[in-house]
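The values are calculated or read from the model by the stated rules, or taken from the named source; none is laboratory data. This structure is a prediction, so every number in the text was calculated from the model and none was measured. Cβ coordinates were reconstructed from backbone atoms using ideal geometry, including for glycine residues, and neighbour counts include every protein chain displayed. What goes into the accessible areas is simple: the full protein's heavy atoms, side chains included, and nothing from ligands, DNA or RNA. Shrake-Rupley method; radii C 1.70, N 1.55, O 1.52, S 1.80 Å.
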Amino acid sequence: MSIVAATALKIEDKVCGYLKDLNAPQRQAVETLEGPVLLLAGAGTGKTRALTTRIAHILMLKKAWPSQILAVTFTNKASQEMRERIAHLIGNSTEGLWLGTFHALGVKILRRHAELAGLKSNFTILDTDDQLRLLKQILKADNIDEKRWPPRLLQSVIGRWKDRGYFPDKVPQHELSQDETKLTLGIYKTYQERLKILNAVDFGDLLLHCIAIFSSHTDVLQQYQQQFRYILVDEYQDTNVAQYIWLRLLAMGHHNICCVGDDDQSIYGWRGAEVANILRFEKDFPGATVIRLEQNYRSTPEILGVASALIAHNRDRLGKTLWTTQEKGEKVSLHGVWDGEEEARLVGDEVERWQRTGESLASMAVLVRAGHQTREFEDRFITLRIPYRVIGGPKFYERMEIRDALAYLRLVVQPENSLSFERIINTPRRGIGQSTLQTLNHFARVEGISLVQATAKLLETDELKGAAWKALRSFLTDLERWSRQLQILTPAELAGIVLDESGYTHMWQQDKSVEAPGRLENLKELVSALNEFQSLSDFLEHVALVMENNAAAQQEAVSIMTLHSAKGLEFNTVFLAGWEEGIFPNARALDTVGREALEEERRLAYVGLTRARKRAYICFAANRRLHGAWQSSLPSRFIDELPEDLVEEHTQPGLFARRFHEEEPQIKTRLSSSESLFSGFASAPGAGSGSKAGVASSYQVDDSHRVNDRVFHIKFGYGRIVEIMGDKLEVDFEHSGLKKVMASFVGKS
């Protein structure tokens, strides 16, 4: 046998080896090498395997050299994983392969043609902090008020324009309807000019400059169109407009573009992702082959059935049905509880139960909609001594805004705490510079006293003058007042006052960055947590123990994370918490006009469910302590959309997982006074004889409500029924106006 024939036989053996393990749609995706291909890959269907095998197949058949393949991912981790898998399949190095993130590939092209963008090839890439510093310099030079035009807001608007493919001269008129946006455009122009002077770019420029070069220098575009015989894109549903344009321009050469994604898992609209990109693929590339990966290798039939039924309520989708050959498993478990504390207790108990059966803690996860929801679960796991880790962000008490707030509270309880003083004395800004702090520190060391004591002594001298003197005098006056209130106010009341009067809450209210709303929610959750403690000292001691536990975290631990952070992960057991209107779907989605925001929330629910391999728990609470007050909640509308035959309900008496219509007779049997909310809530933790819950429990709750009846609600007080809608009432409250509430949450007065 000749050497050529032997080599060909070896290649054929390898090809047969990696193809035989693929299912039919995966194999079709690998072998359809000519023309545009859309690979609709459902959760857990092996899309990474199909994508990497496709690249290996192209190389093994010598359809292209590595340098003629462009493979785009969204994370460096995904790029590295794909590179390793390809190398394993072909038994050779992947050197020369253009495989990386959009940013990594964009910078590679831009450095080659930097002069066409008015740059030198050794340009600098500015990080977020550098961008903010440059914007602040521009505002200062043009005498623009930083408070009125926050740099973070400007950074966000400019970033959004770049995600949409707009240089300053391309921003459309409909984006400039207000004077504010016109001024922002002027700052954007100056910002881009300064970047060129500095020979620098930000991350948005990496693709934007490439697009500009491709558009104005067709010879450069043709060079790359001819070079890249095959283009492959992972997570196509997460692309923004600029990424979409960049890809389309490059794909116009050979039209051999394979986009892999799942329209049902498009959950990043808030950061510029356009689900429309994947929905219009067939229109963009006529004659495209659409292949659906629907065989799921992760979850049980019950979990897949619930997830599929839920996502079917979305209208903007291409459609697919997940299925599995796995044996029948457990139904999805639905739990309705009285309050958030009970929800955390339930999850903790179930974690312990499964751990006793041999389940690893690392195989369990708690998924929440917003970061502030993690606090109650963290506290409960600390109490039960269950190791945990927060994925995708710091643990609750390690977040910057929480550390700042704790520093304020420690200083109120312990004025000699100089570390806390240093942390917050100029947060928010009070005009106290480094020279003033150096003076205070020097005097405190010499005298052997705390910074608060040093400040008080120096205020009586001429060492401190002007704005710094006034700011420090005002701060010490505030601190003395807060300390006197320790014995008068509850911990939660005092914390709210401290955060408000210090200006810390206002600082985040004025901040226009995307992180600011989440930070405010975390601060509200912190204040709410204080309701569970008799004194501020007790709470600070609790936090100290929590931090000590965090420092000694073990390797195996339960994961706590937001639903956004969970994408791409999988666990045996998943707890989906807080399925209530206003939390999930969140309030911003409910306030948004149109169905797009609500459909993205439903896709987020679908992502959460499909993280589970063996079992999924869905939890909702009838009450939450929000902003220091009890608030009644309606179960999430998504619960109504779950198929009853695949869900096992464990709802506490008097609560309703599903929002029945008037004509459904079963509601009448469930609204009996013996199962009223108030009888259970009055005995809930923290609802003592002097609480509102105790007062509310003295009212009779039944199912004989009539329009115009006078009723009492634990949060909203007294009011009259305006309309009855099955198990919900619209009530005109004397002090709160019109509100929709659960019928079981009100009593006749």
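Scanning segment 295-331 for residues that are open to solvent by 20 Å² or more (accessible area, probe 1.4 Å), modelled with pLDDT of 95 or more and aliphatic (A, V, I, L, M) yields ALA309, ALA312.
Of the residues examined, ARG292 is one that is open to solvent by 50 Å² or more (accessible area, probe 1.4 Å), in contact (Cβ under 8 Å) with a residue 60 or more places away in the chain and not in a loop (DSSP other than H, G, I, E, B). Residues being open to solvent by 60 Å² or more (accessible area, probe 1.4 Å), free of Cβ contacts under 8 Å to residues at least 24 places away in the same chain and within 40 Å of the chain's Cα centre (by Cα) are represented in segment 491-501 by at least one member.
Just need a number here: residues in segment 136-178 that are in a helix (DSSP H, G or I), under 25 Å from HIS506 (Cβ atoms) and open to solvent by 50 Å² or more (accessible area, probe 1.4 Å). The qualifying residues number 4.
Could you go through segment 486-504 and let me know if any residue there is within 30 Å of GLY159 (Cβ to Cβ), among the aliphatic types (A, V, I, L, M) and touching a helix residue (DSSP H, G or I) at 6+ places or on another chain (Cβ under 9 Å). Yes, because at least one residue in segment 486-504 is within 30 Å of GLY159 (Cβ to Cβ), among the aliphatic types (A, V, I, L, M) and touching a helix residue (DSSP H, G or I) at 6+ places or on another chain (Cβ under 9 Å). In the set (1) in a helix (DSSP H, G or I); (2) open to solvent by 20 Å² or more (accessible area, probe 1.4 Å), the condition left unmet by LYS120 is number (1). Could you go through segment 385-405 and let me know if any residue there is free of Cβ contacts under 8 Å to residues at least 40 places away in the same chain and either surrounded by 18 or more Cβ atoms within 10 Å (Cβ to Cβ) or acidic (Asp, Glu) (or both). Checked segment 385-405: no residue is free of Cβ contacts under 8 Å to residues at least 40 places away in the same chain and either surrounded by 18 or more Cβ atoms within 10 Å (Cβ to Cβ) or acidic (Asp, Glu) (or both). For VAL368, the test of being surrounded by 16 or more Cβ atoms within 10 Å (Cβ to Cβ), closer than 22 Å to PRO585 by Cβ and β-branched (Val, Ile, Thr) is passed.
The set of residues in segment 84-99 that are out of contact with any strand residue (DSSP E or B) (no Cβ under 6 Å at 6 or more places or on another chain) and not in a loop (DSSP other than H, G, I, E, B) comprises GLU84, ARG85, ILE86, ALA87, HIS88, LEU89, ILE90. Checked across segment 482-493, the condition of being basic (Lys, Arg) and closer than 29 Å to THR562 by Cα holds for no residue.
Do we find a residue being in contact with a Pro (Cβ under 6 Å, 6 or more places away or on another chain) and modelled with pLDDT under 95 anywhere in segment 44-58? Taking every residue of segment 44-58 in turn, none turns out to be in contact with a Pro (Cβ under 6 Å, 6 or more places away or on another chain) and modelled with pLDDT under 95. Of all residues in segment 252-282, exactly one satisfies the criterion of being aromatic (Phe, Trp, Tyr) and open to solvent by less than 10 Å² (accessible area, probe 1.4 Å), namely PHE281. Of all residues being over 35 Å from the mean Cα position of the chain (by Cα) and under 22 Å from LEU105 (Cα atoms) in segment 21-62, which is surrounded by the most Cβ atoms within 10 Å (Cβ to Cβ)? Just the residue, please. Here the residue is ILE58.
Of all residues in segment 683-723, those satisfying the criterion of being modelled with pLDDT of 50 or more, over 18 Å from ARG624 (Cα atoms) and open to solvent by 50 Å² or more (accessible area, probe 1.4 Å) are ASP703, ARG706, VAL707, ASN708, ARG710, TYR718, ARG720, VAL722, GLU723.
Residues are listed down the side, and each one gets a yes or a no for (1) open to solvent by less than 10 Å² (accessible area, probe 1.4 Å); (2) among the hydrophobic types (A, V, I, L, M, F, W, C):
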| site | (1), (2) |
| --- | --- |
| ASP238 | no, no |
| VAL241 | no, yes |
| TRP246 | yes, yes |
| LEU250 | yes, yes |
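Just to be sure, is GLU115 more than 34 Å from the chain's Cα centre (by Cα), farther than 13 Å from VAL201 by Cβ and outside any helix (DSSP H, G or I)? It is false that GLU115 is more than 34 Å from the chain's Cα centre (by Cα), farther than 13 Å from VAL201 by Cβ and outside any helix (DSSP H, G or I).
When LEU590, LEU576 are checked against the criterion of being aliphatic (A, V, I, L, M), modelled with pLDDT of 90 or more and either open to solvent by 60 Å² or more (accessible area, probe 1.4 Å) or under 29 Å from SER360 (Cβ atoms) (or both), a single residue qualifies: LEU576. Looking across segment 250-265, the residues that are part of a helix (DSSP H, G or I) and either in contact with a Ser or Thr (Cβ under 8 Å, 6 or more places away or on another chain) or within 26 Å of ARG611 (Cβ to Cβ) (or both) come down to ASP263, ASP264, GLN265.
A count restricted to segment 458-475 and to residues that are closer than 15 Å to ARG430 by Cβ, not in a loop (DSSP other than H, G, I, E, B) and not small (Gly, Ala, Ser) stands at 5. When segment 593-613 is limited to residues that are among the small types (Gly, Ala, Ser) and open to solvent by 10 Å² or more (accessible area, probe 1.4 Å), the one that is farthest from SER633 (Cα to Cα) turns out to be GLY594.
For segment 214-229, a tally of residues being within 18 Å of VAL72 (Cβ to Cβ) and aliphatic (A, V, I, L, M) returns 1.
Annotation note: Cβ proximity below 8 Å between a residue of segment 189-212 that is in contact (Cβ under 8 Å) with a residue 12 or more places away in the chain and assigned to a loop (DSSP other than H, G, I, E, B) and a residue that is open to solvent by 10 Å² or more (accessible area, probe 1.4 Å) and of a type in the set (Lys, Arg) (sequence gap 6+ or interchain) occurs for ASN199/LYS120. Return the residue satisfying two criteria in turn: it lies in segment 476-534 and is among the polar types (S, T, N, Q) and outside any helix (DSSP H, G or I), and of such residues it is farthest from ASN586 (Cα to Cα). Taking the candidates together, the pick is GLN534. Residues in segment 80-95 that are free of Cβ contacts under 8 Å to residues at least 60 places away in the same chain, open to solvent by 40 Å² or more (accessible area, probe 1.4 Å) and not hydroxyl-bearing (Ser, Thr, Tyr): GLN80, GLU81, ARG83, GLU84, ARG85, HIS88, ASN92, GLU95. Checking PHE203 against (1) among the aromatic types (Phe, Trp, Tyr); (2) open to solvent by less than 30 Å² (accessible area, probe 1.4 Å); (3) under 33 Å from the mean Cα position of the chain (by Cα), which test does it fail? For PHE203, the exception is condition (2).
Taken together, the residues in segment 65-78 that are more than 19 Å from HIS255 (Cα to Cα) and part of a loop (DSSP other than H, G, I, E, B) amount to 2.
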